[in-house]
Structures are given as structure tokens and as C-alpha cells.
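See structure below.
The values are calculated or read from the model by the stated rules, or taken from the named source; none is laboratory data. Worth saying up front: this structure is predicted, and the values here are computed from it rather than measured. Don't worry about glycine lacking a Cβ; one is built from the backbone with ideal geometry, like all the others, and counts go over all protein chains shown.
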Amino acid sequence: MWFRPAAFVLVAVLLACPAAGAAEPVPIDMEVDADAIIPPPATHHMGREIAQTMHYTGAPWLVRESRQREEDCRLLLEALEVKKGQRICDLGCGNGFYTLELARRVGPDGLVYAVDIQPEMLRMLSRRAAEEGLDNIRPILGTVVDPRLPKGQVDLVLCIDVYHEFSHPELMLARIRESLSAEGRLVLAEFRGEDPAVPIKPLHKMTKAQVRAELEPAGFRLAREFDRLPWQHLLFFSAGAPPAPADDR
Ligand SMILES: C[S@@+](CC[C@H](N)C(=O)[O-])C[C@H]1O[C@@H](n2cnc3c(N)ncnc32)[C@H](O)[C@@H]1O
């Protein structure tokens, strides 16, 4: 009889382990404060309706073959002027379409914080990062009010097709501001709301005027615009002095 307990244990261990050579997923920081009080989500903000969170089952759309042609993602990445050694946050990273390339661009001395509120998105991202052998990505589970970033250290917070989904935009903007380094920038890519030729539902688009009207009172100043993407605005904001407290005299 070939069957022996020891052989059985060996087979069980082999089945439970990842295949030889298969990369371990990059660990995800899931340590959200379960006791934190989160105000109810807003449905509207400053005259616009807030879009629903894109569900993780729609993630294949983010890595669709036509995305480069439609959105010119390579041009967007070039416009960011990423430098080696930078600390970047891909906020609302989804399944990591931009995260992986950002990690390559900042190099081994840089770091990409990949933040999302859906653990399923982060799991997809962490598997892909491991397959690519990238170890300079920190996947972080954020909450709808806090991306859980270190304060004063992030050179670029990137929100690509994300800001219009924030259910608590003012609280998120306050946390993003705190996370930026002295020369740090918040960059928003949003489908152009002014342009009827952009084939995206109006709820998922924003006008430049609307973006500015929301970010400027939160202490951000438009520092640069890049207008050569086919469908999106690409807006770079710096954080000036904190907004003055409301005068209630
Ligand atoms: C349309 S997807 C864009 C994903 C990615 N930026 C890309 O371009 O491939 C929007 C993502 O933002 C995430 N998201 C929405 N609100 C968020 C928040 N407050 N903090 C972090 N992620 C958020 C969603 O879970 C979703 O994965």
C-alpha cells in the first residue's frame, strides 16, 4: 500500500502552499479604526450629485484594452513628471492600473501608497504587484473620510477618476492636505464635464470650474493644468496656508 500518513501530510502541505515560484501577494494594511465615527454620506456637494462608488466587479473596465487609446494613459503619466525616489499616493487606486506603472517610475528608492476603500480592489492590486515583482507599493485600506496616509510626507496625491465619488469630499480634502510634503501636489484627473463629446455619464464628469469651486475653499490653489488628454482634465493643486476659520462675529 503506497498510502502513508506522512505522504498524505506532504501532499496536503503542497496543495495548501502557493505553486513553486508563485509570488506572495503584497500585504495590505487593513488596520482601519473600527470605532471611528463616520458621518452619513452626502448625496450632493456644492450643487453637484455625488457619484456612487464604482463596484469592484467592474474592475475589468479599468484595465480594458481600449483604455490607452481612449484616455491616453501614457501621456497622463508623462504629464505627472514623476521622479525617482518620490512618495506618491494613488488614491482610489482600484485594481492598480496606474499604481504599478507609478511604482516602476519612482524606482526602488520611492514608494507608492495604494489606497482604496474596497478590500477586493486592493487584493487584485496586491496580486498584480507581486506578479510584477514590485515591492515598493503599500496597499492601504482607507475609509470614506480618511486615506490613512502619513502626515507631511507625500509628494503627489493622485486621484484619477476618483474625486467625484468621494462621499465626504471636505473631510477627504482635509486629510489629503495634511499628508502633502512642503512642495506636494494633489492631482485630479476628471472626465471633462463641459465636453458633450466625452462619452461618459454626466454624473461621472466634472467641469474645471466645479473642481476649483470645491478645492479652493479647502485650501488648495490651482498650480498647473494639462489640457492635452483626449477626455480628461488634469489639474495640479498646491496646498497653501490652511483656510481661514469662518468669521462668526
Ligand atoms: C472609477 S475607479 C478608478 C480607479 C483608478 N484610479 C483607475 O483610474 O484605474 C474609482 C475608485 O475610487 C475608489 N474610491 C471611492 N471613494 C474613495 C475614497 N473616499 N477613498 C479611497 N478610494 C475611494 C473606489 O473604490 C474605486 O476603486
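Here are a few things to note about the model shown:
- When residues of the range 124-133 are limited to those that are more than 14 Å from the chain's Cα centre (by Cα) and part of a helix (DSSP H, G or I), the one nearest to the ligand (Cβ to nearest atom): Arg128
- Some residue of the range 93-103 being over 18 Å from Asp161 (Cα atoms), out of contact with any Phe, Trp or Tyr (no Cβ under 7 Å at 6 or more places or on another chain) and modelled with pLDDT of 95 or more: yes
- Criterion: within 18 Å of Arg64 (Cα to Cα) and among the charged types (D, E, K, R) - qualifying residue of Arg105, Arg123, Arg128: Arg128
- Residue satisfying all of: in the range 145-163; near the ligand (Cβ under 10 Å from one of its atoms) and either within 20 Å of Gly96 (Cβ to Cβ) or at pLDDT below 95 (or both); surrounded by the fewest Cβ atoms within 10 Å (Cβ to Cβ) among these: Arg148
- The range 108-120 residues that are under 14 Å from Asp29 (Cβ atoms), paired with ones that are assigned to a helix (DSSP H, G or I) and of a type outside the set (Lys, Arg) (beta carbon under 6 Å, 6 or more apart): Val112/Thr99; Val112/Leu102; Val112/Ala103; Ala114/Thr99; Ala114/Leu125; Asp116/Leu122
- Selection from the range 38-58 of residues that are outside any loop (DSSP other than H, G, I, E, B), farther than 20 Å from Pro147 by Cβ and not acidic (Asp, Glu): His44, Arg48, Thr57, Gly58
- Neighbours by Cβ (under 7 Å, 6+ apart or cross-chain): first from the range 44-61, within 11 Å of the ligand (Cβ to nearest atom); second part of a loop (DSSP other than H, G, I, E, B) and among the polar types (S, T, N, Q): Ile50/Thr43; Ile50/Ser167; Tyr56/Gln118; Ala59/Asn95
- Conditions (1) near the ligand (Cβ under 9 Å from one of its atoms); (2) in contact with a helix residue (DSSP H, G or I) (Cβ under 6 Å, 6 or more places away or on another chain); (3) over 19 Å from Gln232 (Cα atoms): number failed by Gln86: (1)
- Here the range 206-237 is the region considered, the condition is being among the basic types (Lys, Arg) and free of Cβ contacts under 8 Å to residues at least 60 places away in the same chain, and the residue that is nearest to Val187 (Cα to Cα) is Arg224.
- Restricting the range 80-108 to residues that are in a loop (DSSP other than H, G, I, E, B) and small (Gly, Ala, Ser) leaves a set whose member that is surrounded by the fewest Cβ atoms within 10 Å (Cβ to Cβ) is Gly85.
- Arg64 being farther than 28 Å from Pro217 by Cβ, in a helix (DSSP H, G or I) and more than 9 Å from the ligand (Cβ to nearest atom): no
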